[in-house]
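Everything below concerns the one structure shown next.
Every read-out reported here was derived from the displayed coordinates using simple, explicitly stated rules and does not represent laboratory data. Bear in mind that the values here come from a model prediction, so they are computed numbers and not experimental data. In this analysis, Cβ positions are derived from the backbone assuming ideal geometry, glycine residues included, and neighbour counts consider all displayed protein chains.
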Amino acid sequence: MNVLITGAGRGIGLELASFYAMRHRVFGTVRDERHAHKLTSLGAEALHLDLNQPASIKALAKALTDTPIDILINNAGVLYPEHDLDDIDAFNFLQSMQVNALGPLLLTQALLPNLLAGKAKKLVFITSLMGSMTDNGSGSFYSYRASKAALNAVAKSLAADLKSEGIKVGLYHPGWVQTDMGGPRALLDVGTSAAGLSERIASLDDNQSGQFQSFDGTPLPW
């Protein structure tokens with residue numbers, strides 16, 4: 001199988017690349033090309049992608065022309081630590097929406113022919129429980145919450161629109177993970193999260209498509 005993972009130069013993306021590279025052909029994208037060697041050392045192929053730049057998305061699609069993609073994992077994301085209203089910055093908010101929600105949608109649009117050419121036809125979004133309206137009892141992190149809620153809406157629509165094409169859509173919360181984004185106080189190590197995510201992706205079928213789940217399979221509220 002061919003697996004494409006965005007944001008694969010570190011954290012959860014790199015751990016997923018390590019898992020899949022032992023079994024399949026892996027394409028991992030990086031925005032900072034200084035991280036490319038981490039992927040090539042695993043036997044994966046490193047490709048440049050900046051989700052802030054539509055031209056970069058088009059360039060990636062062109063580089064992958066005629067390459068079937070069995071599993072597309074939209075993992076790349078940004079988080080700005082907005083603890084109260086004084087931390088809100090318009091540029092950061094727009095960056096969050098671009099990278100976390102619009103970018104994955106445009107990438108899916110660009111790579112749809114590749115997904116349709118694949119056998120597994122699995123489209124995965126690494127989202128967050130922080131995008132849940134029901135679960136939000138603590139507030140803060142405005143741009144991250146809003147962008148992940150938008151991503152959930154995007155993925156839910158894609159699950160409906162692409163069902164007739166045989167594409168299955170998974171939305172997964174990776175847990176609070178010890179990465180640069182999650183910080184050292186996080187509850188999960190990256191290996192545990194990636195192992196759970198890989199199990200969810202393996203079991204993703206038509207019946208589960210469009211469902212919002214945790215890395216351990218727990219259903220989550222919207």
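Couple of notes before you dig in:
- Scanning residues 5 or more positions from L47 or on other chains, those with amide H under 5 Å from its amide H are G28, T29, V30, with H placed 1.01 Å from N in the peptide plane.
- E15, E45 arranged by Cβ crowding within 10 Å, fewest neighbours leading: E45, E15
- Selected from V177, I88, T40, residue furthest toward positive end of dipole (the chain; charges at beta carbon): T40
- Counted over the chain, the DSSP beta bridges are approximately 5% antiparallel.
- Cα gyration tensor shape for region 18-70, rounded if a/c is under 1.5, else prolate or oblate: oblate
- Working from the Cα coordinates of the chain, the gyration tensor eigenvalues give, after taking √(5λ), semi-axes of 25, 19, 18 Å in decreasing order.
- Shown for T29, T218: other C-beta atoms within 10 Å of each C-beta, ranked fewest to most, produce the order T218, T29.
- Between the listed residues A8, M22, A117, the Cα displaced farthest toward the positive end of the dipole of the chain, a dipole computed from Cβ unit charges relative to the Cα centre, is found at A117.
- Unsatisfied cross-links (Cα-Cα over 18 Å) in the set K119/K163; K58/K119; K121/K163; K121/K156; K121/K168: K58/K119
- Cα gyration tensor category, rounded, prolate or oblate, for region 97-222 with a/c compared to 1.5: prolate
- Calculated FRET efficiency, S157 to L116, Cβ-Cβ distance, R0 = 22 Å: about 0.80 to the nearest 0.05.
- Computed 3J(HN,Hα) for region 115-122, one whole-Hz value per residue from the Karplus formula 6.51 cos²θ - 1.76 cosθ + 1.60 where θ = phi - 60°, is 5, 5, 7, x, 8, 6, 6, 10, glycine and proline marked x.
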